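J.: The structure is given below, and queries will be raised subsequently.
The values are calculated or read from the model by the stated rules, or taken from the named source; none is laboratory data. All values reported here derive from a predicted model rather than from experimental measurement. Because the Cβ atoms are built from the backbone with ideal geometry, glycine has one as well, and the counts that use them run over all protein chains shown. Note: areas computed on protein heavy atoms with side chains; ligands, DNA, RNA excluded. Shrake-Rupley method; radii C 1.70, N 1.55, O 1.52, S 1.80 Å.
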Amino acid sequence: MTPRRMRFALIVTVIIAAAAVATAIWGRGDSSPDSDGPFLTSDNFPSGYQVSRLSNTAPSGIGGATTPAECGQVIADQAARELRSTTVGVLAVPADEAQPTFAQSIVTGGESVSDTIGVVRRCSSYRQQTDTESLESISSILPTPAACPRDAVVIRVRTRFVSPTGNSDSTSVRAYIQGRATVGILTASLTQPEQPLPDDFCRLASLVADRLD
């Protein structure tokens, strides 16, 4: 796995709540998304993007001691909800590394958008430490841009992860849309913590919303 894909594997972790990034590793399938299915396809992304299918992610956090202490149970409860869920989607990687990487997630049987909002409001900033690893997550709920789906919840997440095998400092923005039976998420990687939303973010979020059950 290249450093770029490793960083984004950490990012696209379904926070889903914004904090859940760092340790998630997506499974990659061999087949390309079906244009007749619920997934975005290469036609939906700007020219030069390579699109592949993704499946379940690891749960939030890394365990260990949590600061502030009251966030320990909040993140553990979030991880338990994620373990009950099924996540599928696509990863879109640009040929030009200066451009954002995108991921579409469709989550069934797990955390609702309301749950995600609750986690971010209660634990917008927390740190977890084990004997060998540390994770710091900072999340904020942004105003929903006019061009995005009206009911989308947009969250910015910065995650710093330190381990003996490598470190990362990643920032992403995510649009969460609640469907009847699923939650749709559009994630975009950022090159700078305060970088504005990518130009195609709201357009792609609207396509994600259109494909929800």
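J.: Within 10 Å of each candidate Cβ there may be at most 15 other Cβ atoms; applying that plus a DSSP loop requirement, which trypsin sites (Lys or Arg not before Pro) in the range 117-160 survive?
T.: When the trypsin sites (Lys or Arg not before Pro) of the range 117-160 are filtered for loop state and at most 15 Cβ neighbours within 10 Å, 150 remain.
J.: If you don't mind, another one. Using r as the Cβ-Cβ distance of residue 151 and residue 50, and R0 as 25 Å, what FRET efficiency do you calculate, to the nearest 0.05?
T.: E(calc), rounded to 0.05, equals 0.25.
J.: For every other residue with a beta carbon closer than 15 angstrom to the beta carbon of residue 134, add +1 if it is Lys or Arg and -1 if Asp or Glu, then tell me the sum.
T.: Here the charged neighbours net out to -1.
J.: Here is a follow-up. Full extension from residue 96 to residue 210: what is 0.36 nm times the residue separation minus their Cα-Cα distance, to one decimal in nm?
T.: 38.3 nm
J.: Given a 1.4 Å probe and the protein chains all in place, what does the accessible area of residue 97 round to, in Å² to the nearest 10?
T.: 120
J.: Where does the charge balance sit around residue 120 when Lys and Arg score +1, Asp and Glu -1, over other residues with C-beta under 12 Å from its C-beta?
T.: On the way: positive: 121, 122, 156, 174; negative: 111, 115.
Counting the neighbours of residue 120, the net charge comes to +2.
J.: Once you list every other residue whose beta carbon is under 13 Å from the beta carbon of residue 82, what net charge do they have if Lys and Arg are +1 and Asp and Glu are -1?
T.: Values: positive: 81, 84; negative: 77, 111, 115.
For residues surrounding residue 82, the net value is -1.
J.: While we're looking at this one, here's another question. Measuring from centroid to centroid over Cα atoms, what is the spacing of the range 146-165 and the range 91-127 in Å?
T.: 5
J.: Also, I was wondering about something else. For residue 114 and residue 41, compute 0.36 nm times the residue count separating them, minus their Cα-Cα distance, and round to one decimal in nm. Present the calculation step by step, with values, prior to reporting the outcome.
T.: Details: separation 73, 0.36 × 73 = 26.28 nm, distance 2.81 nm.
Residue separation times 0.36 nm, minus the Cα-Cα distance, leaves 23.5 nm.
J.: Report, to the nearest whole %, how much of the accessible area of the range 95-213 belongs to carbon and sulfur atoms, 1.4 Å probe, protein only.
T.: 47
J.: Just to confirm, what accessible area per residue do you get for the range 78-124 at 1.4 Å probe, in whole Å²?
T.: 41
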